[in-house]
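Beneath this line is the structure, given in structure tokens, with notes to follow.
The values are calculated or read from the model by the stated rules, or taken from the named source; none is laboratory data. Note that the structure is a prediction, hence the values are computed from the model and not measured. Here the Cβ is made from the backbone with ideal geometry for all residues, glycine too, and neighbour counts use every protein chain on show.
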Ligand SMILES: C[S@@+](CC[C@H](N)C(=O)[O-])C[C@H]1O[C@@H](n2cnc3c(N)ncnc32)[C@H](O)[C@@H]1O
């Protein structure tokens, strides 16, 4: 009883400390001009990458690949995001001869912000040729080490420490771009989405998962996940960088990416399981397709 009381008191103290310290600066929906978020972020000169965020998100192998550890929600998210991405790609292929064993064979997928490789590996296991990129050298090192345990997978999965913005400058093109749980860590969202668009072939799909900027997401993703349950390290997320699905849809359309589906995602921490829901106010997935007539759209 006493231990329970002490735990409750500790949780309450954390919540109060947190709420007074890291209150969101602006609870209105983001207007276009506010998409360049007002934070004290440090950028590397070249590519608008937020160095503080990258340092914070650079984790060790034991963090990335412990399925019961800090990233257990990302591991279990594979149960829902991998079939979602697979169905998006299969819709795009419109082929009748899909291999049952390797359904994504010959599809070139770019995984932006791949971290330790949790999603990249799962997509490569479906037969896709996957390129995982991340701005953190430490995360790429972890991903490469883990991949080296599976020589068969190594033939169709490769990693590179580079940002989306830098890769876009090299003129690479992919059938599908995925970026899961990344854009909520990015300050300069315009240049990030512009890079995604230029990395996609016309008619190609982008799938992103992220977190909406609502009171509910503040309570769920920051107060509950980081401070009350410590499911994620405190300070991992900055609510001011979250983005609502309507704003992301609008931003994508500015770069010739037409949204075809938005799906709410719900995490049950007791079952460690995700499900698809209608509500997109906390976690959601968005699927957009790059316009084939890019030039016409601009006119
Ligand atoms: C929360 S992790 C998501 C990892 C992975 N997508 C997953 O879901 O398992 C976010 C990752 O995005 C990376 N990142 C942030 N900004 C980036 C950028 N501009 N280009 C490439 N990677 C970036 C971080 O280094 C970090 O590894």
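Enumerate the pairs (first residue in the stretch 170-188 and part of a helix (DSSP H, G or I); second residue anywhere and near the ligand (Cβ under 8 Å from one of its atoms)) with beta-carbon separation below 6 Å, excluding pairs fewer than 6 apart on the same chain, so at least 6 apart or on different chains.
Going by the 6 Å Cβ cut-off, the qualifying pairs are 185/53.
This table checks each residue for (1) in contact with a helix residue (DSSP H, G or I) (Cβ under 7 Å, 6 or more places away or on another chain); (2) in contact (Cβ under 8 Å) with a residue 24 or more places away in the chain; (3) within 25 Å of residue 165 (Cα to Cα); (4) not in a strand (DSSP E or B).
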position: 223; (1), (2), (3), (4): yes, yes, no, yes
position: 248; (1), (2), (3), (4): no, yes, yes, yes
position: 267; (1), (2), (3), (4): yes, yes, no, no
position: 274; (1), (2), (3), (4): yes, yes, no, no
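List every residue pair whose Cβ atoms sit under 8 Å apart, with the two residues 6 or more apart in sequence or on different chains, where the first one lies in the stretch 123-138 and is in contact (Cβ under 8 Å) with a residue 60 or more places away in the chain and over 17 Å from residue 88 (Cβ atoms) and the second, anywhere, is more than 9 Å from the ligand (Cβ to nearest atom) and part of a loop (DSSP other than H, G, I, E, B).
From residues that are in contact (Cβ under 8 Å) with a residue 60 or more places away in the chain and over 17 Å from residue 88 (Cβ atoms), the pairs are 138/60.
Looking only at the stretch 99-121, which residues are crowded, with 18+ Cβ neighbours inside 10 Å and more than 9 Å from the ligand (Cβ to nearest atom)?
The answer is 104, 107, 108, 109, 110, 121.
Test of understanding: among 236, 229, which residue is within 13 Å of the ligand (Cβ to nearest atom), at pLDDT below 95 and more than 15 Å from residue 279 (Cα to Cα)?
None of the other options fit; the residue is 236.
Inside the stretch 196-209, can you point out the residues that are in a helix (DSSP H, G or I) and either crowded, with 22+ Cβ neighbours inside 10 Å or free of Cβ contacts under 8 Å to residues at least 60 places away in the same chain (or both)?
Within the stretch 196-209, 196, 198, 199 qualify.
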